[in-house]
Structures are given as structure tokens and as C-alpha cells.
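The values are calculated or read from the model by the stated rules, or taken from the named source; none is laboratory data. Since the model is a prediction, treat every value here as computed from it, not as a measurement. Surface areas here come from the heavy atoms of the whole protein model, side chains and all, with no ligands, DNA or RNA. Shrake-Rupley method; radii C 1.70, N 1.55, O 1.52, S 1.80 Å.
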Amino acid sequence: IQLTKIKKIKNFLDIGTFQGYTITTICIYLMRFNPDLTIDTFDIHTLVTPAITNIWSKYSLPISYQPAQPAQLAAHYDVAFIDGDHSYDAVRRDYETIRPISDVLTFHDINDQWCPGVVQLWNEIKNENKKRNRER
């Protein structure tokens with residue numbers, strides 16, 4: 001909800017589709033503000049349910065799903081949602097890959113005891129930003 005107050009989101013990247021429920025909800029919400037929205041989503045495992053892909057098709061949702069690591073990402077995304085592999089190394093790699101091509105990065109599980117890798121990275125990012133802001 002807060003993101004739609006910042007800017008008109010034209011293209012969205014989702015890392016970690018899983019079964020597809022979260023990106024479907026995000027898509028339906030964001031389309032209220034931009035009917036020309038496009039979404040790229042991927043996961044290294046094929047877990048999206050047929051019920052979800054039927055919803056995407058039935059309602060012509062602009063979701064491009066790849067059940068694998070994408071060979072190439074778009075040149076730019078307005079927003080990216082990182083919710084893939086939750087190990088520290090994997091989430092750090094996703095962050096470093098996506099940061100240069102996305103205006104806004106969002107994360108899932110930043111305060112979850114079962115996802116210590118994500119929590120660790122989130123705390124590092126916050127500390128880096130605090131340090132950068134103090135240096136200005």
C-alpha cells in the first residue's frame with residue numbers, strides 16, 4: 001500500500017514465486033493503480049499450482065512466470081520483492097543482483113526467527129544506510 005503512494009509502479013520483479021499466492025495478491029492490488037503493470041516472477045522450484053495459473057489466465061493477469069533462474073532480467077524494475085532462498089548467501093546474492101536494476105527493494109521475513117539469513121542481511125543493510133546517512 002505504501003509503495004503505491006510513492007510512485008506509479010509499472011514493472012515489478014518477484015523472486016521466489018513459491019505457489020503463486022503472494023504475487024497474485026500483489027498483482028491484483030497493483031493493477032488497481034496501473035492497468036499496464038507487468039510482473040516478472042521466478043522460482044528455482046516449480047511449485048505454482050494449476051489453480052493459480054488458471055486465475056492468471058482467466059483474469060489476464062500480467063504475470064510472466066519462469067520456473068527457473070532467469071537467463072536475463074529486465075533492464076529496470078520499479079520495485080523488486082525478494083522472497084526466494086532464505087539462506088544468508090542466497091538472499092545476499094539476490095540483493096546484490098537486483099539492487100542496481102530496481103528503484104525500490106522489498107524483502108520478506110526480515111524479522112523472522114526461522115529466517116536468520118534474511119534477518120542478518122536486513123540488519124546489515126539498515127546499518128549501511130545509517131552509516132551512509134551519517135556521512136552526508
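Here are the numbers for the structure shown:
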{"read-out": "Translational diffusion coefficient (Stokes-Einstein; Kirkwood radius from C-alpha pairs) of region 11-78 at 20 °C, 1.002 mPa s, in µm²/s", "value": "177"}
{"read-out": "Most to least accessible of Ser60, Ser102 (protein chains only, probe 1.4 Å)", "value": "Ser60, Ser102"}
{"read-out": "D (Stokes-Einstein, µm²/s), Kirkwood Cα radius, region 13-136, 0.692 mPa s at 37 °C", "value": "212"}
{"read-out": "Rounded accessible area of His108 (nearest 10 Å², 1.4 Å probe)", "value": "80"}
{"read-out": "Sequence of Glu128, Glu96, Glu135 when ordered by accessible area, the most exposed leading, probe 1.4 angstrom", "value": "Glu135, Glu96, Glu128"}
{"read-out": "Per residue solvent-accessible surface (Å²) - region 4-119, probe of 1.4 Å", "value": "57"}
{"read-out": "Helical mean residue ellipticity (222 nm; -39500 (n - 2.57) per DSSP H run of 4+; nearest 500) of the chain", "value": "-12500 deg cm²/dmol"}
{"read-out": "Exposure of Arg99 as accessible area (Å², to 10), given a probe of 1.4 Å and all protein chains", "value": "110"}
